[in-house]
1. Filter region 49-72 down to the residues that are open to solvent by 60 Å² or more (accessible area, probe 1.4 Å), touching a Ser or Thr at 6+ places or on another chain (Cβ under 9 Å) and either of a type in the set (A, V, I, L, M, F, W, C) or closer than 17 Å to SER20 by Cβ (or both) and list them by number.
2. Can you pull out the residues in region 2-35 that are touching a Lys or Arg at 6+ places or on another chain (Cβ under 8 Å) and either of a type in the set (Lys, Arg) or crowded, with 18+ Cβ neighbours inside 10 Å (or both)?
3. Condition check: over 26 Å from HIS1 (Cα atoms), among the charged types (D, E, K, R) and in a loop (DSSP other than H, G, I, E, B). Does ASP19 satisfy that?
4. Could you grab the pairs with beta carbons closer than 6 Å, sequence gap of 6+ or different chains, first residue in region 1-17 and in contact (Cβ under 8 Å) with a residue 40 or more places away in the chain, second one open to solvent by 70 Å² or more (accessible area, probe 1.4 Å) and among the polar types (S, T, N, Q)?
5. Can you tell me which residue within region 83-127, out of those that are within 24 Å of VAL18 (Cβ to Cβ) and of a type in the set (D, E, K, R), is least open to solvent (accessible area, probe 1.4 Å)?
6. Kindly list the number of the only condition in (1) free of Cβ contacts under 8 Å to residues at least 40 places away in the same chain; (2) in a strand (DSSP E or B); (3) of a type in the set (Val, Ile, Thr); (4) open to solvent by 70 Å² or more (accessible area, probe 1.4 Å) that fails for THR80.
7. Could you list, in sequence order, all residues of region 41-77 that are in contact with a Phe, Trp or Tyr (Cβ under 6 Å, 6 or more places away or on another chain), in contact (Cβ under 8 Å) with a residue 24 or more places away in the chain and part of a strand (DSSP E or B)?
8. Name the residues in region 67-103 that are of a type in the set (D, E, K, R) and touching a Gly at 6+ places or on another chain (Cβ under 8 Å), would you?
Amino acid sequence: HIISVGSTTTFQIMAYEVDSLMSATIPLTYDPASLEIVSVSQGDMFTGTGVSVFIDEEVSGTITIHTMYLGGDSPYVSGTGSLAVILVKALAPGSHTLSLDGTQVLKTHTNRSIPINETVSGLVVVE
């Protein structure tokens, strides 16, 4: 994303082609002198047919997202979707990242870890 100081942009935390996903814990890091987290909201992955839980914990420089699907027609979801939507505001010029810290966990309804094959950090270029 290329934006100016004071502007906002949106990032989505996506899960691609997952099978039997029931919960996710996603820690992210950022520089609070460069980016302000305006809002964190639930994506569409768990909002289709059942009840879900969404909690975000923010401490300066870190956001941890906890989201869980509590069922509906099935105790899990499969496919591709957004787990979270994050709105950030640019505070300073330069290149800034919203980074996955490597400890994110996706779990099935039987509490097995789902392998994460690739992660991509978000990049904001502030002019």
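The values are calculated or read from the model by the stated rules, or taken from the named source; none is laboratory data. None of these values were measured; they are calculated from a predicted model. Note that we place each Cβ from the backbone using ideal geometry, even for glycine, and neighbour counts take in every protein chain shown. Only protein heavy atoms, including side chains, enter the accessible area calculation; ligands, DNA and RNA are left aside. Shrake-Rupley method; radii C 1.70, N 1.55, O 1.52, S 1.80 Å.
1. Residues satisfying the conditions are THR49, ILE55, MET68, LEU70.
2. LEU21, MET22, SER23, ALA24, LEU35
3. no
4. Partner pairs satisfying both residue conditions: TYR16/THR80; GLU17/THR80.
5. LYS107
6. The number of the failed condition is (1).
7. Passing the criteria: GLN42, THR67, TYR69, VAL77.
8. Residues satisfying the conditions are ASP73, LYS89.
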